[in-house]
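Notes follow once the structure below has been shown.
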Amino acid sequence: MRALTDPLARILISAIFLNAGITKLMHFDSTAHVLAARGIPLATVAAAIAILIELGGAIMIIIGWQTKLAAAVQFVYLIPVTVMYHNFWAAPPQMHEMQLLNFLKNLGIMGGLLILATRGAGASSVDGASSHH
């Protein structure tokens with residue numbers, strides 16, 4: 001059963017990062033502009049790093065290669081992202097509920113990443129295949 005559920009879980013947890021990374025890559029200049037507007041220093045470098053973490057990390061997790069490392073990096077990455085972009089406590093009243101929901105969704109994603117970071121990819125993964133040799 002885990003031969004099916006482990007890769008499915010890795011795909012599901014990575015889908016949002018895959019989408020976000022592709023979107024940032026396709027709209028690189030506007031991504032860097034948004035980061036600069038938020039006061040992020042070296043916004044172009046920060047955008048490239050975000051894409052690497054989101055897209056590269058998603059691919060690594062999906063195939064199950066260096067999964068613990070990729071999940072740990074994404075977990076740490078989500079801490080400032082969640083606090084900066086989903087700060088429901090400072091949101092205008094009409095945005096409070098949506099930002100709270102996004103904040104809580106990120107916490108859920110972080111929980112899944114924490115499990116991957118501590119337990120690894122599981123079945124049907126490059127990491128799993130290499131540990132059997």
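The values are calculated or read from the model by the stated rules, or taken from the named source; none is laboratory data. Note that the structure is a prediction, hence the values are computed from the model and not measured. Every residue, glycine as well, gets a Cβ built from its backbone with ideal geometry; the counts of neighbours run over all protein chains shown. Heads up: the accessible areas ignore ligands, DNA and RNA and are worked out on the full protein's heavy atoms, side chains in. Shrake-Rupley method; radii C 1.70, N 1.55, O 1.52, S 1.80 Å.
Computed quantities for the displayed model
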{"quantity": "Two-decimal Rg to Rh for the range 1-117 - Kirkwood Rh, Cα set", "calculated": "1.00"}
{"quantity": "Tilt relative to the chain, helix 67-85 - C-alpha long axis, 0 to 90 degrees, to 10", "calculated": "20 degrees"}
{"quantity": "Residue-averaged 222 nm ellipticity for the chain, from DSSP H runs of 4+ at -39500 (n - 2.57), nearest 500", "calculated": "-25000 deg cm²/dmol"}
{"quantity": "Accessible solvent surface per residue of the range 8-79, calculated while the other protein chains remain in place, 1.4 angstrom probe, Å²", "calculated": "55 Å²"}
{"quantity": "Local electrostatic count at ALA123 - Lys and Arg +1, Asp and Glu -1, tallied over other residues with Cβ under 13 Å", "calculated": "+1"}
{"quantity": "Cα centroid of the range 50-82 to Cα centroid of the range 94-129, whole Å", "calculated": "10 Å"}
{"quantity": "Burial ranking of peptide ranges 4-13, 34-43 (average Cβ count within 10 Å, highest at the top)", "calculated": "4-13, 34-43"}
{"quantity": "Neighbourhood charge, 15 Å Cβ-Cβ cut-off, centred on LEU18 and excluding it, Lys, Arg +1 and Asp, Glu -1", "calculated": "+1"}
{"quantity": "The chain - percent of accessible surface contributed by carbon and sulfur, probe 1.4 Å", "calculated": "73 percent"}
{"quantity": "Where MET84, MET98, MET26, MET60 fall by accessible area, highest first, once all protein chains stay in place (1.4 Å)", "calculated": "MET26, MET98, MET84, MET60"}
{"quantity": "Local electrostatic count at ILE61 - Lys and Arg +1, Asp and Glu -1, tallied over other residues with Cβ under 14 Å", "calculated": "0"}
{"quantity": "Assigned charges on the beta-carbon of Lys, Arg, Asp, Glu; the chain dipole about Cα centre (debye)", "calculated": "180 debye"}
